Amino acid sequence: MSLQVPPDGSLLPLMEEFYTIQGEGFNTGKAAYFIRLGGCDVGCHWCDVKESWDATLHPLTPTEKIVENANKYPGKAVVITGGEPLIYNLDPLTIALQNKGIQTFIETSGAYPLSGKWDWICLSPKKFKSPRPDVIAVADEIKIIVFNKSDFAWAEQHAQNVGPNCKLYLQPEWSKHKEMTPLIVEYVKENPKWEISLQTHKYLNIP
Ligand SMILES: C[S@@+](CC[C@H](N)C(=O)[O-])C[C@H]1O[C@@H](n2cnc3c(N)ncnc32)[C@H](O)[C@@H]1O
Ligand SMILES: Nc1nc2[nH]cc(C(=O)O)c2c(=O)[nH]1
Ligand code: SF4
Ligand SMILES: [Mg+2]
């Protein structure tokens, strides 16, 4: 990567930030401020934010400024996503948010080492770049994207490695949701340790 992001986490490549409703997973329905960091090399062919991949397109932004922006809203939770946010040192950002009484949630593929202090870790493992064991061990939820039938068996492999309190979600890949959602519904009925996660913001037409 040619972009020079300082390793101390004082500047981060910010693609966008917006106040909305968490659409997916355990925290679905909660008001949250989204912080989307640019940069990802995992390469999911169905990724719904490919514009995030090239970190050099997104301005290096002072972490203090991001915290100040997040603190303007009544919802006291942030979702840090991307791109792949764990490419960066998220200690300063998350510590400053928590010091302001803001809960910190992350969306990650787990392909990079864990940094940051987290109230909720959503791990969405990918075939294209495996999650690291240190992230799997501390995940509060795993959210498997179901693109085809073979992803159910793949999901079960991941479920064996998570901690005992980790929530298990199956989420249809968006372009295949009409086909995959009925299969997920049947799978969850037969295997109730899993729950279905839908990208509710897409049905609601909100960011
Ligand atoms: C865009 S990713 C960014 C965070 C991180 N790189 C990751 O993959 O977890 C945010 C969430 O959206 C999911 N996602 C991305 N593209 C999707 C799609 N086409 N359909 C359903 N979920 C998708 C990811 O698996 C992840 O849970
Ligand atoms: N509303 C809403 N909820 C989300 N949950 C995870 C998202 C993401 O792109 O990481 C996302 C998103 O982009 N919008
Ligand atoms: S890891 Fe996340 S941001 Fe990266 S390509 Fe996959 S879904 Fe997109
Ligand atoms: Mg999204």
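The values are calculated or read from the model by the stated rules, or taken from the named source; none is laboratory data. Remember, it's a predicted structure, so these values are computed and weren't measured experimentally. No Cβ is skipped: glycine too gets one built from the backbone with ideal geometry, and neighbour counts run over all protein chains shown.
Can you find a residue that is in a loop (DSSP other than H, G, I, E, B), at pLDDT 95 or above and on the phi > 0 side of the Ramachandran plot anywhere in segment 144-167? Looking through segment 144-167, none of the residues is in a loop (DSSP other than H, G, I, E, B), at pLDDT 95 or above and on the phi > 0 side of the Ramachandran plot. Restricting segment 168-207 to residues that are touching a residue at least 60 places away in the same chain (Cβ under 8 Å), in a helix (DSSP H, G or I) and not basic (Lys, Arg) leaves a set whose member that is nearest to ligand 2 (Cβ to nearest atom) is His201. Quick check, is Asp91 within 15 Å of ligand 3 (Cβ to nearest atom), touching a residue at least 60 places away in the same chain (Cβ under 8 Å) and on the phi < 0 side of the Ramachandran plot? No, not satisfied. Scanning segment 94-112 for residues that are touching a helix residue (DSSP H, G or I) at 6+ places or on another chain (Cβ under 9 Å) and either within 15 Å of ligand 3 (Cβ to nearest atom) or among the aromatic types (Phe, Trp, Tyr) (or both) returns Ile106, Glu107, Thr108, Ser109, Gly110, Ala111, Tyr112. For segment 12-59, what are the residues that are more than 27 Å from Ser130 (Cα to Cα) and either within 12 Å of ligand 3 (Cβ to nearest atom) or of a type in the set (A, V, I, L, M, F, W, C) (or both)? Of everything in segment 12-59, those that are more than 27 Å from Ser130 (Cα to Cα) and either within 12 Å of ligand 3 (Cβ to nearest atom) or of a type in the set (A, V, I, L, M, F, W, C) (or both) turn out to be Phe18, Ile21, Ala31, Ala32. Pairing each residue of segment 58-86 that is closer than 11 Å to Leu97 by Cβ with any residue that is part of a helix (DSSP H, G or I) and among the polar types (S, T, N, Q), provided the two are 6+ apart or on different chains, yields C-beta distances under 9 Å for Val67/Asn99; Val78/Thr94; Ile80/Thr94.
Scan segment 64-85 for residues that are surrounded by fewer than 24 Cβ atoms within 10 Å (Cβ to Cβ) and either touching a strand residue (DSSP E or B) at 6+ places or on another chain (Cβ under 8 Å) or among the aliphatic types (A, V, I, L, M) (or both) and the total you get is 9. In the set (1) buried (at least 19 other Cβ atoms within 10 Å of the Cβ); (2) under 24 Å from Ala32 (Cα atoms), the condition left unmet by Val162 is number (2). Counting only helices (runs of 4 or more DSSP H) that sit wholly inside segment 22-140, not one has at least 1 residues that are within 16 Å of ligand 4 (Cβ to nearest atom). When each of Glu173, Glu156, Glu141 is tested for being away from ligand 3 (no atom under 16 Å from the Cβ) and of a type in the set (D, E, K, R), the lone residue that passes is Glu156.
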